[in-house]
1. Is it the case that ILE98 is open to solvent by less than 80 Å² (accessible area, probe 1.4 Å), out of contact with any Lys or Arg (no Cβ under 8 Å at 6 or more places or on another chain) and within 18 Å of ALA13 (Cα to Cα)?
2. Out of ASP72, ASP47, I need the residue that is surrounded by 13 or more Cβ atoms within 10 Å (Cβ to Cβ) and of a type in the set (D, E, K, R). Which one?
3. Just to be sure I understand the filter: pairs with C-beta atoms under 8 Å, separated by 6 or more residues or on different chains, first member in region 129-144 and under 19 Å from LEU4 (Cα atoms), second member open to solvent by less than 20 Å² (accessible area, probe 1.4 Å) and of a type in the set (Gly, Ala, Ser). Which pairs pass?
4. Could you list, in sequence order, all residues of region 4-44 that are of a type in the set (A, V, I, L, M), open to solvent by less than 20 Å² (accessible area, probe 1.4 Å) and either farther than 17 Å from PRO104 by Cα or at pLDDT below 95 (or both)?
5. Scan region 37-53 for residues that are among the β-branched types (Val, Ile, Thr) and in contact (Cβ under 8 Å) with a residue 60 or more places away in the chain and jot them down.
6. Going through region 110-132 one residue at a time, which ones are in contact with a helix residue (DSSP H, G or I) (Cβ under 9 Å, 6 or more places away or on another chain) and more than 14 Å from VAL67 (Cα to Cα)?
7. Residues LEU77, LEU86: which one is crowded, with 18+ Cβ neighbours inside 10 Å and farther than 17 Å from GLU123 by Cα?
8. Quick check on ILE91: is it among the aliphatic types (A, V, I, L, M) and closer than 21 Å to PHE8 by Cβ?
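The values are calculated or read from the model by the stated rules, or taken from the named source; none is laboratory data. Every value quoted in this text rests on a predicted model; they were computed, and no experiment measured them. FYI the Cβ positions are ideal-geometry reconstructions off the backbone, even for glycines, and counts take in every protein chain you see. These accessible areas exclude ligands, DNA and RNA; they are computed on the full protein's heavy atoms, side chains included. Shrake-Rupley method; radii C 1.70, N 1.55, O 1.52, S 1.80 Å.
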Amino acid sequence: MVRLTKTFNFETAHALHGYDGKCKNIHGHSYKLFVTVKGKPSEDVGDVKLGMVMDFGDLKKIVNEEVVDIFDHAILLNQNSPHKHLGDHLIKEGHRVIFTDYQPSCENMMLWMVDRIKNRLPEHIELVKLKLHETENSYGEWLAEDNQ
């Protein structure tokens, strides 16, 4: 087995309704997402991907379509909170708002990403880890081995 990791960057704002600190206010982060998959390198001499677990370009396409293109330069707001009204107003003003059915914390964002990415991976490739940095020194991790 071999593990591959690809890194992605995106800018996203959010607000945590009901939170007892500064993050209750709308604020943004320069997120850095590390996506790790594993599999066996192809041994088929007729395969254009010979020697590869997965083409990094294919992983990039999946993660960009399922995560980065959705979250980049958007604001995430919990649709089940009073922030829904604020989000509706922002949309009318031309802003990009993503309504979530969860509190848009780093942890919940990762859980949402796991499902999106796993559903797009080839059968022989396993998602084993996500690491999402909200700041340079604060991040969350999701590990497949912890969720079996």
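1. So ILE98 fits the description; yes.
2. ASP72
3. Short answer, once both residue conditions are applied: LYS129/ALA144; LYS131/GLY140; LEU132/GLY140.
4. Within region 4-44, VAL35, VAL37 meet the criteria.
5. Correct list: VAL37, VAL53.
6. Answer for region 110-132, where residues must be in contact with a helix residue (DSSP H, G or I) (Cβ under 9 Å, 6 or more places away or on another chain) and more than 14 Å from VAL67 (Cα to Cα): PRO122, ILE125, GLU126, LEU127, VAL128, LYS129.
7. On the way: LEU86 fails: crowded, with 18+ Cβ neighbours inside 10 Å.
Result of the check over LEU77, LEU86: LEU77.
8. Values: among the aliphatic types (A, V, I, L, M): yes; closer than 21 Å to PHE8 by Cβ: no.
Here the answer is no, as ILE91 does not meet what is asked.
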